[in-house]
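These notes are about the structure you will find just below.
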Amino acid sequence: MRRYLLKAFVCLSVLLVGSASLQAGPAVDRIKKRGTLQIGVEPGFLPFEMRTPKDEWVGFDVEMVQAFAKTLGVKAEFISTKWDGIIPGLMASKYDLIASGMTITPDRSRMVLFSKPYYNAGLKILINKKLEGQVKNLAELDNEKYTVLVKLGTTGDIFATKNLKKAKIRRMDAEADAAQSVALGRGDAFIYDKPFMEIYESGQKGKVVLLPDLLSSENFGLAARKSDQDLIDAFNSFLDGWKSSGGYDAAFKAMFQDLTWKKQFPNQF
């Protein structure tokens with residue numbers, strides 16, 4: 001796995017461990033005693049969490065949580081979980097945190113405790129190339145002749161359900177399947193998070209088109225159980241230090257701009 005941020009982490013490890021230890025409490029103590037920070041993730045969300053053919057975890061969330069685990073003196077353990085079961089899994093104590101590009105929403109905040117936002121995203125529309133020029137915005141897409149794909153249980157699903165009155169909505173389990181369906185002409189459009197859409201479009205030129213409008217502005221956060229305030233406090237402290245050290249910017253450049261993770265997925269992107 002890549003080690004782009006190793007020097008920054010080593011230089012700051014003493015300071016960050018100290019700041020995390022100030023937030024020590026029941027959850028942090030439990031994790032330290034166990035020796036692992038367990039994280040619920042759903043792989044496949046480019047470029048946040050992906051699982052390579054060699055069964056290694058890569059992505060922005062992965063880099064971030066591994067760095068956080070290091071400040072606690074433990075290893076990060078990623079637990080693959082389907083999206084519709086990711087919050088129930090947290091509630092059932094199958095893992096300590098959710099780090100899976102989760103949008104902070106009022107409904108979710110009633111169930112879980114969110115960290116500070118660590119990424120600002122939003123929803124965009126991906127259309128089949130044949131619709132270029134015919135569909136230029138959401139209003140033109142909302143037509144009974146079009147089928148719009150969404151990923152089940154996501155903010156894209158919620159947005160489409162609320163805003164599309166005429167178009168047919170088809171819910172799918174995986175974002176990769178939904179995007180590919182649009183590329184193959186099995187669906188007319190897909191509403192989903194901007195970073196995934198931008199990366200997918202870049203590899204499918206001539207098959208799909210990403211419309212310019214941003215449908216919403218959303219913040220991603222890590223999620224913990226309501227009882228684990230000390231764990232969220234420790235992460236928030238880490239996040240401040242990671243940003244000030246340059247670690248955040250280095251990871252962002254590697255994942256979103258240089259796309260260095262692509263080499264671990266030959267012939268896939």
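The values are calculated or read from the model by the stated rules, or taken from the named source; none is laboratory data. What you are looking at is a predicted structure, and each value in this text was computed from that prediction instead of being measured. Here the Cβ positions follow ideal geometry from the backbone for every residue, glycine too, while neighbour counts run over all protein chains shown. These area figures cover heavy atoms from the full protein model, side chains too; ligands, DNA and RNA do not enter into them. Shrake-Rupley method; radii C 1.70, N 1.55, O 1.52, S 1.80 Å.
For Ser109, the stated conditions do not hold, so it cannot be described as at pLDDT below 95, out of contact with any strand residue (DSSP E or B) (no Cβ under 8 Å at 6 or more places or on another chain) and among the small types (Gly, Ala, Ser). Listed here are the strands (runs of 3 or more DSSP E) enclosed by the stretch 64-138 that have at least 2 residues being within 21 Å of Leu149 (Cβ to Cβ) and in contact with a Gly (Cβ under 9 Å, 6 or more places away or on another chain): 123-128. Scan the stretch 178-196 for residues that are more than 30 Å from Leu37 (Cα to Cα) and not in a strand (DSSP E or B) and the total you get is 11. The conditions of being surrounded by fewer than 18 Cβ atoms within 10 Å (Cβ to Cβ) and either free of Cβ contacts under 8 Å to residues at least 40 places away in the same chain or not polar (S, T, N, Q) (or both) are not met by Leu211. Entry remark, the stretch 208-250: residues being within 19 Å of the chain's Cα centre (by Cα) and in a loop (DSSP other than H, G, I, E, B) number 7 in total. Out of all the residues in the stretch 47-63, which are assigned to a strand (DSSP E or B) and open to solvent by 10 Å² or more (accessible area, probe 1.4 Å)? Result: Arg51, Trp57. Could you check, for the stretch 194-203, whether at least one of its residues is surrounded by 15 or more Cβ atoms within 10 Å (Cβ to Cβ), within 22 Å of Thr161 (Cα to Cα), in contact with a Lys or Arg (Cβ under 6 Å, 6 or more places away or on another chain) and not aliphatic (A, V, I, L, M)? For the stretch 194-203, residues surrounded by 15 or more Cβ atoms within 10 Å (Cβ to Cβ), within 22 Å of Thr161 (Cα to Cα), in contact with a Lys or Arg (Cβ under 6 Å, 6 or more places away or on another chain) and not aliphatic (A, V, I, L, M): present. The residue that is farthest from Asp177 (Cα to Cα), counting only those in the stretch 36-55 that are in contact (Cβ under 8 Å) with a residue 40 or more places away in the chain and among the charged types (D, E, K, R), is Lys54. Taken over the stretch 156-177, the criterion of being assigned to a loop (DSSP other than H, G, I, E, B) and either under 20 Å from Gly122 (Cα atoms) or at pLDDT below 95 (or both) is satisfied by Leu164, Asp173, Ala174. Considering every residue within the stretch 256-265, establish whether at least one is assigned to a loop (DSSP other than H, G, I, E, B), at negative phi, in contact (Cβ under 8 Å) with a residue 24 or more places away in the chain and out of contact with any Lys or Arg (no Cβ under 9 Å at 6 or more places or on another chain). Yes: the stretch 256-265 contains one or more residues that are assigned to a loop (DSSP other than H, G, I, E, B), at negative phi, in contact (Cβ under 8 Å) with a residue 24 or more places away in the chain and out of contact with any Lys or Arg (no Cβ under 9 Å at 6 or more places or on another chain). Exactly one of (1) surrounded by 22 or more Cβ atoms within 10 Å (Cβ to Cβ); (2) out of contact with any helix residue (DSSP H, G or I) (no Cβ under 9 Å at 6 or more places or on another chain); (3) closer than 30 Å to Ser93 by Cα is unmet by Phe235. Its number? With (1) surrounded by 22 or more Cβ atoms within 10 Å (Cβ to Cβ); (2) out of contact with any helix residue (DSSP H, G or I) (no Cβ under 9 Å at 6 or more places or on another chain); (3) closer than 30 Å to Ser93 by Cα applied to Phe235, the lone miss is (2).
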